[in-house]
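Asks: Pasting a structure here, questions to come.
None of the figures in this text is laboratory data; all of them are computed from the coordinates on show. Everything numeric here is computed off the predicted structure, so don't read it as measured data. Please note: Cβ atoms are built from the backbone with ideal geometry, for glycine as well, and neighbour counts cover all protein chains shown.
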Amino acid sequence: MSWIFGAFGNIDDKIKNKLEQIIKGQSKFHSNSKTNFKLEGRNFWIAAGSDGKTLFYGDFPFSNTEFQIEKDFYDEQAHIYHWVSAGLGILNDSGSYTLMKEKDWIDFFKNTHDNYSEVNGHFCSIIFNDNEIRIFTDQLGTRDVFFNQTDDHFIFSTRLEFLTKYLGKIEFDFKEMGSLWLLESQINTGSFIKKIKRLTSSGKIIAKFINKFEISYEEKPWTPKIYFDINEETLYQKLFELVSLPINENLQIFLALSGGMDSRLLLSVLQDIFDYKNIFEYYHYSFFDTFSFGLPNDLDIEIPSEISKKVGFKHQVLFEDFKLNDNTISDLRNFIVNTKLTFPASEFLLKRNYNYFTNQDFIIIDGCWGEITRRSLFKRLITFARNDIFNRNGNVFFDYMQYPHSDIFNEEINRTFKEGALEHLERCLSQMPDFDNFTLDSWLDLFAIRTKQPNLVGIEQTRIDNLVRSFSPFVQPDFFDLIFSSNPKIKRNGSLLKKVFKKNRRRLDKYPLNAGGIKIPFSYSSLSISLKKKIFSYFPHKTFSYRNLLLNELNEFIQDLINSLTFVNFEFYDKKKINKIYLDFKRGIPKAEREMDWLLAFELFRKGLIDE
C-alpha cells in the first residue's frame, strides 16, 4: 500500500535510527515497502513510499496572509511547509471529475485546510514543519492512520505493522477485536493492538511542539448531505460523470468484471459513454478492457467471458499458479497483515492477482457498494426486527449480524469478544442520527457505510493503492449524497438499474448473474433468488472452492504451524478445540475448513506483526 510513517515531537537520534531500520528492513524483504520520500528535521522524521502512482509529496513557500490556518502555525524562521499524501484525491469541477495533482494538493492545503467536503477519493495526508504537524483522512474513512502517543512525541503510520515493529512487543486488545471476530466485519473503528490508536472517517491529528508537546485528535462518522428532487436521471448523470474520470485524465480503464450485478451496471455505463462520446476519436488504444481473477469453473469467470464474446470487448482472466515455497508463505503473510484480518487466508488466491497490474499506467474501476443503489443491506433485520431497529437494540443487531470466524480461543476470550462486540454495536447505534431525515432502509444503509467502509472496503482499497491507481465510482461522497437524498422507491423498484440497462443498446440485462455460486436469470427478484438458493441447498452438489485449493496445498505447513513452539505457547488459544478443528478439517468437514481458514489467517497475522 502507499504508506506514510513518521514521528513528531521531542525525538532523538535513537528514535530516528529505529524508524530508519524499520523501513530499511521492510524494503529489503518486501517490495511493497519501497521508500520514495524521506525527510527529517529538528522535531520530525517522515518517510513515505509506494510502488504505484498513489503517492504525492512536496513543499511550498507561504506568507502568513495566504495560509488560512491558525496564526501560531506560522513560523517566521521557517517559510517552507512540507506535505505528503497517500492515496487518490478526486476533484469535481462542474461535473468533470479529475485526480488531484501536486498543485491541487497545495491549493487544498492553503485554501481549504481541514475542509473535506469538497474532496472525494481515498487518502491520508500530512502537512508539517518543526513546529506543528497535521494529519487527516478522507471523509468515508477509506484510508486510516495508526499512532502511538507518549508524553513528548508520537509515532504514526498508515501501516499498522510499522508501529508494532517499533513497539517490539505487542498485546492484543481482545475486547476491541470482538466485533471483528464475531460479526460480518468490524463495527468499531478502534485498534485491537494495545498502545496503538486508530483514526478513520474525517480523522484529524494536530500536534505541536513549540515550548512543549501537545496533541489532539478526532474523527467524525460520515453523514450525507441532503438534497431535494433527486430522481433516476440525476443519479445516472452522477454515475456517468464519475465513471468518466479516467477519460478526463486520458487514462485507459480496466473494469473489474464479475458475474454480479454491480460491475455489470458499470459496464453498461462505460458502453453508454463510448456511444455518447465517440471515444475512438480521442483514444489511440482500447477505451476500456475488463478483467476477472479466478479459474474457469468459477461463475465469476464463466459469465463475464460469455458476455465479452457476445458483446465484443476484451476480457482478461488472470490467475497466478499457486506454488508453495518460502515466497508464497511470505506473500500470504503480508497479505493477511496488510488486510488486518479482514479476509480469511484463502482470499489471498484471488486478491494476489492485483500484482499483475503493479505500476501500470491505467486506472481500475470496480462495482464496490453498487448494492446501495437498489435495496437495504439489512433486509432480514427489517423484515423480522423492525421495532428493535427503532429502539437501537444492540443485542438484536448482534443476533442478525453474527458471523463467528473460528472457535479457537478459550472461553474467557470468547466472553471478552462478545462483551466488546455488544459495546461496539451500542456505541455505533447511539452515534447514528435521528430517523427524521431517513427511511428505515436508508438509516440502515448509513449504518452499513459507517461500519463496513473503514473496516472492510477501505482496507482492501488501501492495499491496492500500492500497486495501481483504482477507485470505485459508487464509493464517493458525491454519489452517496444523492442516493440518500433520492426517493426510496428508486431503490426498492430498482428503477435506476432499469434506466441504466435500457439506455444500453446491447441490453446487458439479458445475460445471467452469479448469485452466491448459483447461475440465475437477470430478471429474478431478490425473493426469487433467495428461494432458489434455499431449494438448491437441499440437493447435494459439488462446488469449486478456492479455500480447498489453498488449504490442501498448505496441509503440511498448517501441521507444522500448529505444532510450533510459538503457537503452543500462545496462551489465549484453546488447544483442544483447535485439535478437533484440525481432525475435522482432515476429514473434509466444511465447517472445519472454514474455521481452519480463519485460524491460519489469525496465526499469520500475529506472526507478521512482529516478524516471527
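Asks: Could you check the spin-label model distance between N231 and T439? Points 7 Å from the Cα along Cα→Cβ, value in nm.
Replies: In this crude spin-label approximation the distance works out to 1.7 nm.
Asks: Using a Cα-Cα cut-off of under 20 Å, which aspartates and glutamates could be cross-linked to K14, ignoring same-chain neighbours fewer than 8 residues away?
Replies: Within the straight-line cut-off, K14 pairs with E40, D130, D151, D152, E161.
Asks: Indicate the gyration tensor shape class of the stretch 73-193 (rounded, prolate or oblate), computed on the Cα atoms with a ≥ b ≥ c the square roots of the eigenvalues: a/c under 1.5 is rounded; otherwise a/b larger than b/c is prolate and the rest oblate.
Replies: Working: a/c = 2.91, a/b = 1.34, b/c = 2.18.
Because a/c hits 1.5 or more and a/b fails to exceed b/c, the stretch 73-193 counts as oblate.
Asks: Among T383, T342, T462, T234, which comes first, second and so on when ranked by fewest other beta-carbon atoms within 10 Å?
Replies: In increasing order of surrounding Cβ atoms, one gets T383, T234, T342, T462.
Asks: While we're on this one: Which percent of Cα pairs goes in each bin when the distances of the chain are cut into 10 angstrom slices starting at zero?
Replies: 3, 16, 26, 28, 19, 7, 1, 0
Asks: Hey, what's the Cα Rg ratio for the stretch 3-218 versus the globular rule of thumb, 2.2 N^0.38 Å? Don't skip to the end; give the middle numbers.
Replies: Values: Rg = 17.3 Å, N = 216, 2.2 N^0.38 = 17.0 Å.
Output field value: 1.02.
Asks: Taking a ≥ b ≥ c as the square roots of the Cα gyration tensor eigenvalues, with a/c under 1.5 meaning rounded and otherwise prolate when a/b beats b/c, else oblate, which class fits the stretch 146-238?
Replies: In terms of gyration-tensor shape, oblate.
Asks: Quick check: pseudo-label points 7 Å beyond the Cα along Cα→Cβ at Y217 and K309, how many nm apart are they?
Replies: The answer from the label model is 5.3 nm.
Asks: Give me the extension gain from N548 to K169: residue separation times 0.36 nm, minus the current Cα-Cα distance, reported in nm with one decimal.
Replies: Details: separation 379, 0.36 × 379 = 136.44 nm, distance 3.39 nm.
My answer for the length gained is 133.0 nm.
Asks: OK, next. Name the long-range amide H neighbours of G58: under 5 Å, sequence gap of 5 or more, or other chain; modelled H, no Pro or chain starts.
Replies: Close amide H contacts, sequence-distant or interchain: W83.
Asks: Order of Y354, Y511 from fewest to most other C-beta atoms within 10 Å? Can you show the working numbers first?
Replies: Numbers: Y354 20, Y511 17.
The fewest-first ordering by Cβ neighbours comes to Y511, Y354.
Asks: Count the lysine pairs in the stretch 108-265 that are 8 or more places apart or on different chains: how many have C-alpha atoms under 12 angstrom apart?
Replies: Lysine pairs meeting both conditions in the stretch 108-265 amount to 4.
Asks: Helix-derived [θ] at 222 nm for the chain: sum -39500 (n - 2.57) over DSSP H runs of at least 4, divide by residue count, nearest 500?
Replies: After summing the helix terms and dividing by residue count, I get -12000 deg cm²/dmol.
Asks: Expected output is a single nm value to one decimal: the length gained when fully extending between Q431 and D584, i.e. 0.36 nm times separation in residues minus the C-alpha distance. What is it? Walk me through the numbers before you get to the answer.
Replies: Numbers: separation 153, 0.36 × 153 = 55.08 nm, distance 4.23 nm.
Net length gain for the segment: 50.9 nm.
Asks: Could you tell me the largest-minus-smallest coordinate of the C-alpha atoms of the stretch 546-610 on each of the three principal axes, in descending order and whole angstroms?
Replies: 30, 23, 17
Asks: Could you name the lysines whose alpha carbon sits less than 22 Å from that of K586, not counting residues in the same chain fewer than 8 places away?
Replies: K323, K542, K575, K576, K577
Asks: Arranged from highest to lowest average of other beta-carbon atoms within 10 Å per residue, in what order do the peptides 43-52, 482-491, 402-411 appear?
Replies: Averaged packing, sorted descending, gives the order 43-52, 482-491, 402-411.
Asks: Right, here's the next one. Which whole-Hz ³J(HN,Hα) couplings does the stretch 569-574 yield from phi under the Karplus relation 6.51 cos²θ - 1.76 cosθ + 1.60, θ = phi - 60°, glycine and proline marked x?
Replies: 8, 7, 5, 8, 6, 9
Asks: While we're here: Report the extension gain between F572 and R380 in nm, rounded to one decimal, defined as 0.36 nm multiplied by the number of residues separating them, less their alpha carbon distance.
Replies: So the extension gain works out to 65.7 nm.
Asks: Separate question: Label R492 and K519 with points 7 Å out from Cα along Cα→Cβ: what is the distance between them in nm?
Replies: 3.5
Asks: For R547, R42, R427, what's the fewest-to-most ordering of other Cβ within 10 Å of each Cβ? All intermediate terms of the calculation are to be shown ahead of the outcome.
Replies: On the way: R547 18, R42 10, R427 13.
With the sparsest Cβ surroundings first, the list reads R42, R427, R547.
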